[in-house]
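Working notes, beginning with the structure itself.
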Amino acid sequence: MSKNIAIAIKIEAILYLKGKPLSVSEIAEYAGCDRHTAEEGIIELMDNYARRDSALEVVETANGYSLQLRSDFHDLVQTLIPVELGVGALRTLAAIALNSPILQSELIELRGSGVYQHVPELVELGFVRKRRDNESRSYSLQVTPKFHQYFQIDQLPEIIPKTEKEQQLELELEVTGDG
């Protein structure tokens, strides 16, 4: 086993274990070699991945070299890895689901201006469909089949609008502290 192949295998382990892009200097430090040897090892490793049929690849990014899944497999990632949504985005998604379809302007009244950040994220993840509403200047938002599939929800409960009397009673209870 040549020195370059041995260092390439060590660099592969380093990139795998770190799980983030690393500069040549960082790779050299972790591998216990000089910068030139690290560069040769990276080239060897990149060449090895380019020549074989693999789901992984070594790429140079703005932040350094990284071992990552080939872009051909991004659909698989979407299917297998759970989506990380912040509490605000989850609440916005819940509001859209429970009021679907809802105008974005109504959603902003309901949830606040954070909706402007949440909606594009939810659209990109495929949970929400956004269409220009013909009757207003706002967008109509509704959940997609992916939402139902991902959260394993067949049907959402119907929201029964409260009467003015019920809303007034709730307000009175909040003011008196009995609620």
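Working from label points 7 Å from Cα in the Cα-to-Cβ sense, the GLU84 to ASN99 distance is 2.9 nm. Listed values for region 124-131 are Karplus-derived 3J(HN,Hα) couplings in whole Hz (6.51 cos²θ - 1.76 cosθ + 1.60, θ = phi - 60°), namely 4, 6, x, 8, 10, 9, 10, 10, and x replaces Gly and Pro. Using a probe of 1.4 angstrom and keeping all protein chains present, the accessible surface of region 1-47 works out to 59 square angstrom per residue. Would you work out what percent of the accessible area of region 12-64, with all protein chains in place, is carbon or sulfur (probe 1.4 Å)? Of all accessible area on region 12-64, carbon and sulfur atoms account for 48 percent. For region 39-140, give the magnitude of the charge dipole about the Cα centre (Cβ charges: +1 Lys/Arg, -1 Asp/Glu; no others), in debye to the nearest 20. Dipole about the Cα centre, nearest 20: 720 debye. Per atom type, region 83-140 shows carbon and sulfur on 46% of its accessible surface, probed at 1.4 Å. If you take the alpha carbon atoms of region 1-148 and fit the smallest convex hull around them, that volume is 150 Å³ per residue.
Highest mean packing first, where packing is the average number of other Cβ atoms within 10 Å per residue, the peptides 131-137, 98-104 line up as 98-104, 131-137.
Give me the distance between the Cα centres of region 104-139 and region 7-65, rounded to whole Å. Rounded to whole Å, the Cα centres lie 42 Å apart. Taking every protein chain into account, the accessible area of region 67-144 amounts to 64 square angstrom per residue (probe 1.4 Å).
The values are calculated or read from the model by the stated rules, or taken from the named source; none is laboratory data. Just so it is clear, the model here is predicted, and its values are computed rather than measured. In this analysis, Cβ positions are derived from the backbone assuming ideal geometry, glycine residues included, and neighbour counts consider all displayed protein chains. Keep in mind that these areas ignore ligands, DNA and RNA; they rest on the heavy atoms of the full protein, side chains included. Shrake-Rupley method; radii C 1.70, N 1.55, O 1.52, S 1.80 Å.
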